[in-house]
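Here the structure is laid out as structure tokens; the discussion comes afterwards.
Values quoted throughout were computed directly from the atomic coordinates according to the rules given, and no laboratory measurement underlies them. Owing to the predicted nature of the structure, the values given are computational and were not obtained by experimental measurement. Neighbour counts are summed over all protein chains in view; Cβ atoms, including those assigned to glycine, are modelled from backbone coordinates with ideal geometry.
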Amino acid sequence: MWWIVVSVLYAARGREIDVEKATDKSEGERARRVLYDEATTKRLRFEAGRQSHYYNLANVSDHRSYVGGAWEKIGKLQLDFLVQVGLRPSHKLLDLGCGALRGGVRYVKYLNANNYYGLDLSQHLLDAGYNKEIVPAHLNTKLPREHLVEAAGFEAADRFPGVKFDFVISVSVWTHLTIDSINACLAQVRKVLARGGAYYTTIFEPNSDADVGKANRHTPGNVVTYPRQDPFHYTISVIDELAQTNGLVLTHINHWNHPKAKRPAHAQNHVTPFIERHGASGLLIN
């Protein structure tokens, strides 16, 4: 998976997993066989479209495993990456798709009090992260509960009115979104990104130009991605076009040592000196 930097929002429309018909073991595990009540499911589907296994989440018995495991390793990786690209304790950080706070716990420890904000589709994961991770670590004095908000989309400007963010991050979010949803996410991020701010997010790229329209198996991680179903892969040229449409500058970051080879990218407001500071070819994270 690869990093990029950008900003926009729309309703997510992906592939819903049918637990009973799931043939791939990992699909069955993601679906979990637990469901929201009918009214909640209907509301979420209406607001955000048919998006990923989150719709099957009713409660969290093991929140660390549910968000992908490797809790300590990936949490540290996320913080180390942001510090490397310039995050400082005084900055305000928005975590899109923050889940059960695998990265959030470390961000809260690092940042000054009240500087971390998170949006996620699942209230259950937010509750698990706060009650089982933040409170036991005595970090609740640095993180007001109202800074963690359930949202079917990426409407940070509505949920956190008046707040501008120096950094925005989303890890393993765009990999589950259609191109319209990514464009929409960028539009929303653009509204809350501070002057000089940066948005870091991860994508899967196809293995080659010839593989764009096919299923692609990625190593390491052995993840299979698709052009028209979840998990998705996208070319950098497609993402770059979306960034430009939204007045952003895209920088492709090659690797960040993620065990599933997700590539990060970075997009920044066009009025900032990002390209001058980091070089037009972007950052290479080894």
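So here's what we get for this one:
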{"read-out": "Convex hull per residue volume in Å³, alpha carbons only, for segment 155-233", "value": "106"}
{"read-out": "Relative contact order computed over segment 119-234 (Cα-Cα under 8 Å; 6+ residues apart), in percent", "value": "23"}
{"read-out": "20 °C / 1.002 mPa s Stokes-Einstein diffusion coefficient of segment 112-251, Kirkwood radius on C-alpha pairs, µm²/s", "value": "128"}
{"read-out": "Chain lengthening between ASN114 and ASP180 when straightened (0.36 nm per residue, less Cα-Cα)", "value": "20.6 nm"}
{"read-out": "Label point 7 Å beyond Cα of ALA194 along Cβ direction - residues of segment 110-144 with amide nitrogen under 16 Å", "value": "110-118"}
